[in-house]
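Colleague: I have a structure here, written as structure tokens, and I will follow up with some questions on it.
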Amino acid sequence: MVARLVVVSNRVALPTARKQAAGGLSIAVKAAMKGRTGVWFGWSGKVSENPPTQPQIIHRNKITFVVLDLSTADYQEYYSGYANRVLWPTLHYRVDLAEFTRTDFNGYVRVNQIFADNLSNIIQPEDIIWVHDYHLMPLARELRRRGHENPIGFFLHIPYPPPDILTTLPHHEESLGTLSYYDLVGFQTDNDRDNFGRYIVMLGGTEGRDGTSFTLDRRTIRVGTFPVGIETAIFARLARNAERSAFTRSVEESLGGKRLLVGADRLDYTKGLPNRMEGFAQFLLAYPEWHGRATLLQITPTSRADIQEYADMNRAVSELVGRINGHHGEADWTPIRYVNRTYSRTELAGIYRVADIALVTPLRDGMNLVAKEYVAAQDPEDPGVLILSQFAGAAADLDAALLINPHEVEAFPGAIKHALEMSLEERRERHGLMYKKIQEVDIHRWARRFLAALAQTQKAGLLEGIRSFLSAFA
Ligand code: F6P
């Protein structure tokens, strides 16, 4: 029997959905599941007072989508509460924003148990289980408690900070520490992986001889770095075709020959939008010769709107944009176009293709696929320039971008001017290096390497079992 891949994530990109699920996770998992036989299990995105106890099941090609609705309490405590008001800020180094409550923590564990109960009805002994992101850290422990011995891997899409930050989280062993129940834990960067190693050692674990595994409470956890990529060639083709679309042409025409800078981020404090807007305003102040000649299009779909910090941010960014436009704008020129809506992949690909510069400047980001998509979308003969935060995971792969520290607002004007005036030769050279990299580390390699490493854990586990069995007779 062919082993099925059972993917578990909070959000599932349902084939029936009208809107594309936000964030890099859904793009990555969708691409990774292409051509594989398997199950994608998670939350339906629906919330109700009394959700049905049975999941909804949709079959599409070789994938079975199995999704559960959440109750209002589950949504508030597990998703908005512990996952997004505690784990999200803490793992993004923003302990000042974390708001821990025991009620939310209990809700988090409860939803992981509900997921495990439902998965128990689905999982077959030969299945490979791949769990994604911070919403589901305790899931392996819950599955083990229900008797499942399948290989279970976990991939964290967001950053993993050093232990000094992690230990600010009350009862961190009960959430972060439960990653030790996985056979393999994967991270976006070496830095994230090493921080995890330090944390496991701090909990009393020991590092294996080759540095790729740890033992804690007699459980072996293998670790690795698996940077998420994109479907590079497919995205490049999409952008080439989208350039000729009516939509892209109308965006270009609306610019009336002005140079275009683009930013595309979910509304989130980790994305550093106020710094970016202030940085662009400082560019306009420093280089008045660019007035009326460059426009920043900032595309920002709102998310997690019922969390106070997100609502506050939405207001703050809108006010900031209004102030900058009021101060610098002209009757025939709006310096910043701020758009709170979701565009399709094709529309985004077209915009990236015609944008002279992408501003991808998060304060902290697991990977950031917009950076990679922008590079893929460029015309290699006349490519645009990527300005990238050194704190995005993507900076490890894309070091030929113009790297900046987004905490220094004064770093923006120089980088933007350099990008706008960069010679064709330098643009081509930087783009060539980055394109080569994103071809190498594409999304299929990510999935292949992770699943191969997960399969290895089984072999290594068998060997260890045989060794300890033999040593009992020595
Ligand atoms: O990639 C990080 C992530 O939190 C994903 O887990 C998530 O699907 C995405 O960002 C978007 O966030 P949300 O699902 O909360 O809208």
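The values are calculated or read from the model by the stated rules, or taken from the named source; none is laboratory data. This one's a predicted model, so the numbers in the text were calculated from it and none came from an experiment. No Cβ is skipped: glycine too gets one built from the backbone with ideal geometry, and neighbour counts run over all protein chains shown. What goes into the accessible areas is simple: the full protein's heavy atoms, side chains included, and nothing from ligands, DNA or RNA. Shrake-Rupley method; radii C 1.70, N 1.55, O 1.52, S 1.80 Å.
Colleague: State the answer as a single residue: which of PHE450, GLY393, ALA419 lies farthest towards the positive end of the charge dipole of the chain, with beta carbon charges of +1 for Lys and Arg and -1 for Asp and Glu, about the Cα centre.
Modeller: PHE450
Colleague: I've got another one for you. Can you work out the PRE-style zone for VAL95? Point 7 Å along Cα to Cβ, and I want the residues of region 150-164 with backbone N under 11 Å.
Modeller: 162-164
Colleague: Next question, about the same structure. Which residue, SER250, ASN61, ASN405, has the largest displacement toward the positive end of the dipole of the chain when charges sit on each Cβ (Lys, Arg +1; Asp, Glu -1)?
Modeller: Towards the positive end, the residue furthest out is ASN61.
Colleague: Here's something else I'd like to know. Quick one: compute the contact order of the chain, relative version, from alpha carbon pairs under 8 angstrom and 6+ residues apart, as a percent.
Modeller: Normalised by residue count, the contact order of the chain is 14 percent.
Colleague: Same structure, new question: Please report, in debye to the nearest 20, how large the charge dipole of region 232-440 is about its Cα centre when each Lys and Arg carries +1 at its beta carbon and each Asp and Glu carries -1 there.
Modeller: The dipole magnitude comes to about 480 debye.
Colleague: What number do you get for the chain when its Cα radius of gyration is normalised by 2.2 N^0.38 Å, N = residues?
Modeller: 1.01
Colleague: Over the residues of region 66-145, compute the C-alpha Rg and express it relative to 2.2 N^0.38 Å.
Modeller: Dividing the Cα radius of gyration by 2.2 N^0.38 Å gives 1.16.
Colleague: Could you name the lysines whose alpha carbon sits less than 18 Å from that of LYS437, not counting residues in the same chain fewer than 8 places away?
Modeller: LYS437 reaches LYS372.
Colleague: Let me ask another. About the Cα centre of region 70-148, what is the dipole size in debye to 20, counting +1 per Lys and Arg Cβ and -1 per Asp and Glu Cβ, all else neutral?
Modeller: The calculated dipole for region 70-148 is roughly 220 debye.
Colleague: Whenever you get a sec, compute what percent of the accessible area on the chain sits on carbon and sulfur atoms (1.4 Å probe).
Modeller: In the chain, the share of accessible area belonging to carbon and sulfur is 50 percent.
Colleague: Follow-up. I'd like the distance between the alpha-carbon centres of region 104-138 and region 1-71, rounded to an integer number of Å.
Modeller: 13
Colleague: Once amide H atoms are placed 1.01 Å from N in the peptide plane, what residues at a sequence separation of 5 or more from SER44, or on another chain, have their amide H within under 5 Å of its amide H?
Modeller: LEU68, ASP69, LEU70
Colleague: Sticking with this one: Enter the accessible area per residue of the chain (Å², integer; probe 1.4 Å; all protein chains in place).
Modeller: Per residue, the chain has 43 Å² of solvent-accessible surface.
Colleague: Let me ask something else about it. Report the FRET efficiency, 1/(1 + (r/R0)^6), for GLN308 and GLU425, where r is their Cβ-Cβ distance and R0 is 41 Å, rounded to 0.05.
Modeller: 0.25
Colleague: So, one more: Sequence gap at least 6, Cα distance under 8 Å: using those rules, report the relative contact order of region 232-440 to the nearest whole percent.
Modeller: Relative contact order of region 232-440: 27 percent.
Colleague: Roughly how big is the chain's charge dipole about its Cα centre, with Cβ charges of +1 (Lys, Arg) and -1 (Asp, Glu), in debye to the nearest 20?
Modeller: Here the chain has a charge dipole of around 1400 debye.
Colleague: Per DSSP H run of n ≥ 4, the term is -39500 (n - 2.57); total these for the chain, divide by its residue number, and report the mean residue ellipticity at 222 nm rounded to 500 deg cm²/dmol.
Modeller: Roughly -12500 deg cm²/dmol at 222 nm, from the helical runs in the chain.
Colleague: Going by amide H atoms built from the backbone, whose H comes under 5 Å of the H on ALA294, apart from near neighbours?
Modeller: For ALA294, whose amide H was placed from the backbone, the distant partners under 5 Å are ARG259.
Colleague: For region 232-440, what does the convex hull of the Cα positions come to per residue, in cubic angstrom?
Modeller: In region 232-440, the Cα convex hull volume per residue is 112 Å³.
Colleague: Mind checking which aspartates and glutamates have their Cα closer than 15 Å to the Cα of LYS30? Skip sequence neighbours fewer than 8 apart in that chain.
Modeller: Leaving aside aspartates and glutamates fewer than 8 places away in the same chain, those within reach of LYS30 are ASP133, GLU231, ASP442.
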